[in-house]
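The values are calculated or read from the model by the stated rules, or taken from the named source; none is laboratory data. Model, not experiment: these values are computed from the prediction. Because the Cβ atoms are built from the backbone with ideal geometry, glycine has one as well, and the counts that use them run over all protein chains shown. Note: areas computed on protein heavy atoms with side chains; ligands, DNA, RNA excluded. Shrake-Rupley method; radii C 1.70, N 1.55, O 1.52, S 1.80 Å.
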Amino acid sequence: MASSSSSGITFKLHPLVIVNISDHYTRLKAQTLHSGESSSCAPPSNGGTAGSAPPVPPRVFGCVIGVQRGRTVEIFNSFELVFDPKTHTLDRAFLEKKQELYKKVFPTFYILGWYSTGSDVEEADMLIHRSLMDINENPIYVLLNPAIIHSQKDLPISIYETELHVIDGNPQLIFVKSSYNIETVEAERISVDHVAHLKPSDGGSAATQLAAHLTGIHSAIKMLNSRVRVLHQYLVAMQRGEIPLDNSLLRQVLSLLRRLPAIESEKFQDEFLMEFNDTLLMTYLAMFTNCTGTMNDVVEKFNIAYDRHSRRGGRTTFI
């Protein structure tokens, strides 16, 4: 597999595709683990031992759909496919049926390629890739790595194209990695924000969610600050004459700086103060609710203790 693509095509990936692939893998993983637990509860047969290791969840497969405008490919959505692990082929009838249904809802979307999960490209992936070339002569391959790597900062997803290379005198198709950009619309930003604020399944509290959210914001601000410093140091060195002038970069910096006065407008200040006041109001309401709950607990404990004292000591005067 070559290091990078030289086709010059720009790929724009929407978050909905990443969420769909992750959801597909998570559901299949949960089903596999559930079936493994059910089988482990059964008594061992044929001399087998109970309590074996949980089964490894299989890979998931599906199609990615979107539009292509010139040299720009925009991936909007995806849908699942049925895969036969024995023959390493896709259910073509199911694919054509899904394609027909999506065409009725999204008439401008076309099948751009397919997706799967794994840490790297496998040899059998080329067979699946070739089987889709009658639908798209140059399909793309979106690969999601489900392994959690805490040191990794980039998204665990890669986009591959195919190029014809001559290897040992024989022309062969190989996968080459392509760069991509994340493209979002307002509806997707709301959905991603909603998913990010969902309560974790491990029973984490609201404080844990808030800490994780603030940590992510802090990391983003820290990264932005470091990039601004690098850009500032580069411009200072350019001004001192230590490095040659780059007019293209200066135009980009000027374009970026022209956007800054937009956040100083009166409309922005009004909306910012309104959102800030709403946030403070929600915080105060949460504090009042918490204090009210604590006072109710104290009153209930006092009533229980007073009732026990009255039963033991007889009738007493209530003050």
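So the values come out like this:
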{"read-out": "Test: residue in region 11-28 that is modelled with pLDDT under 85, closer than 20 Å to PRO146 by Cα and open to solvent by 60 Å² or more (accessible area, probe 1.4 Å)", "value": "no"}
{"read-out": "Test set (1) more than 20 Å from SER78 (Cβ to Cβ); (2) open to solvent by less than 90 Å² (accessible area, probe 1.4 Å); (3) among the basic types (Lys, Arg) - LYS153 fails condition number", "value": "(2)"}
{"read-out": "Residue in region 99-112 that is crowded, with 19+ Cβ neighbours inside 10 Å, in contact with a Ser or Thr (Cβ under 7 Å, 6 or more places away or on another chain) and closer than 21 Å to THR10 by Cβ present", "value": "no"}
{"read-out": "Residue in region 48-68 that is modelled with the lowest pLDDT, counting only those that are under 14 Å from ASN145 (Cα atoms) and of a type outside the set (A, V, I, L, M, F, W, C)", "value": "PRO57"}
{"read-out": "Lone unmet requirement of (1) buried (at least 19 other Cβ atoms within 10 Å of the Cβ); (2) modelled with pLDDT under 85 for TYR180", "value": "(2)"}
{"read-out": "Hits in region 242-283 (condition: hydroxyl-bearing (Ser, Thr, Tyr), over 18 Å from VAL228 (Cβ atoms) and either surrounded by 10 or more Cβ atoms within 10 Å (Cβ to Cβ) or within 32 Å of the chain's Cα centre (by Cα) (or both))", "value": "SER265, THR279, THR283"}
{"read-out": "Candidates GLU100, GLU74 - the one that is of a type in the set (Asp, Glu) and under 26 Å from ASN145 (Cα atoms)", "value": "GLU74"}
{"read-out": "Residue within region 116-126 that is at pLDDT 85 or above and assigned to a helix (DSSP H, G or I) present", "value": "yes"}
